[in-house]
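Working notes, structure below.
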Amino acid sequence: MSSRRVPVDFSWYQYYELAQQLFEDSKKNSPLSESMLRSSISRAYFASHCLARNFLRDVRELAPPIKKTHSWVINTIKDDKDSRIRKIHAQLNRLRIDRNSADYSDSLRQLYSMAEGALIGARQTIDILDEF
């Protein structure tokens with residue numbers, strides 16, 4: 001008898017929870033603290049991005065493109081008919097910029113503050129999307 005696993009949709013909110021955990025763990029003065037902060041920023045962005053993408057797909061019934069999904073989500077959110085959704089445009093844009101910096105820059109100033117801001121921005125984005 002084979003054991004088949006039924007696919008279950010991933011909860012993108014878990015990336016936000018992981019971002020919080022990485023942020024908290026970075027405070028333990030570990031040699032991995034910088035990596036934890038950088039990863040926290042990245043996971044906070046991807047939680048927000050994927051939840052917004054799924055909102056556009058499931059609630060607004062729009063089909064995300066295969067390529068350039070990140071800019072499509074940000075630009076589509078910007079033009080949404082609901083002002084609550086339009087409010088998250090700036091958050092997503094800032095999160096994306098910070099995620100790119102965290103993932104690609106060799107040197108970052110104020111990384112702790114950047115990670116803290118990413119968590120706040122992600123939380124605000126998630127709270128607005130949870131209203132729907």
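Read-outs throughout are calculated quantities, based only on the coordinates presented, and are distinct from any laboratory measurement. Everything quoted here is computed from the prediction, not taken from an experiment. A quick note on method: Cβ atoms are made from the backbone with ideal geometry, for glycine too, and the neighbour counts reach across all protein chains shown.
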(message) Per residue of the range 27-35, what does 6.51 cos²θ - 1.76 cosθ + 1.60 with θ = phi - 60° give for ³J(HN,Hα)? Whole Hz please, x for Gly and Pro, Karplus curve as stated.
(response) 6, 7, 6, 8, x, 9, 4, 5, 4
(request) Go through Ile41, Ile120, Phe55 and say which Cα lies farthest out towards the positive end of the charge dipole of the range 13-129; charges sit on Cβ, +1 for Lys and Arg, -1 for Asp and Glu. (result) Phe55
(message) Out of the trypsin sites (Lys or Arg not before Pro) in the range 51-132, which ones are loop residues according to DSSP with at most 15 other C-beta atoms within 10 Å?
(response) Arg60, Lys67, Lys68, Lys81, Lys87, Arg109
(message) Net charge around Arg60, counting only other residues with Cβ within less than 15 Å of its Cβ (Lys, Arg = +1; Asp, Glu = -1)?
(response) 0
(message) Along the charge dipole of the chain, pointing to its positive end and built from +1/-1 on Cβ of Lys, Arg, Asp and Glu, which listed residue (Asn29, Ala90, Tyr16) has its Cα farthest out?
(response) Ala90
(message) Helix-only mean residue ellipticity at 222 nm, the chain, DSSP H runs n ≥ 4 weighted -39,500 (n - 2.57), per residue, nearest 500. What is it?
(response) -22500 deg cm²/dmol
(message) Only four residue types carry charge here, +1 at the Cβ of Lys and Arg and -1 at the Cβ of Asp and Glu. Report the dipole size of the chain about the Cα centre in Debye, rounded to the nearest 20.
(response) 340
(request) Place the peptides 17-23, 35-41 in order of packing, highest mean first, counting for every residue the other Cβ atoms within 10 Å and averaging per peptide. (result) 35-41, 17-23
(request) Would you list which lysines come within 27 Å of Lys78, measuring only between C-alpha atoms, while excluding same-chain residues fewer than 8 positions from it? (result) Lys67, Lys68, Lys87
(request) Between Ile74, Ile97, Ile88, find the one with the highest GNM mean-square fluctuation for the chain; connect C-alpha pairs within less than 10 Å. (result) Ile97
(request) Calculate, in whole percent, how much of the Cα-Cα pair population of the range 13-129 lies beyond 18 Å. (result) 48
(message) Between the range 71-121 and the range 24-60, how far is it from one alpha carbon centroid to the other, in angstrom?
(response) 11
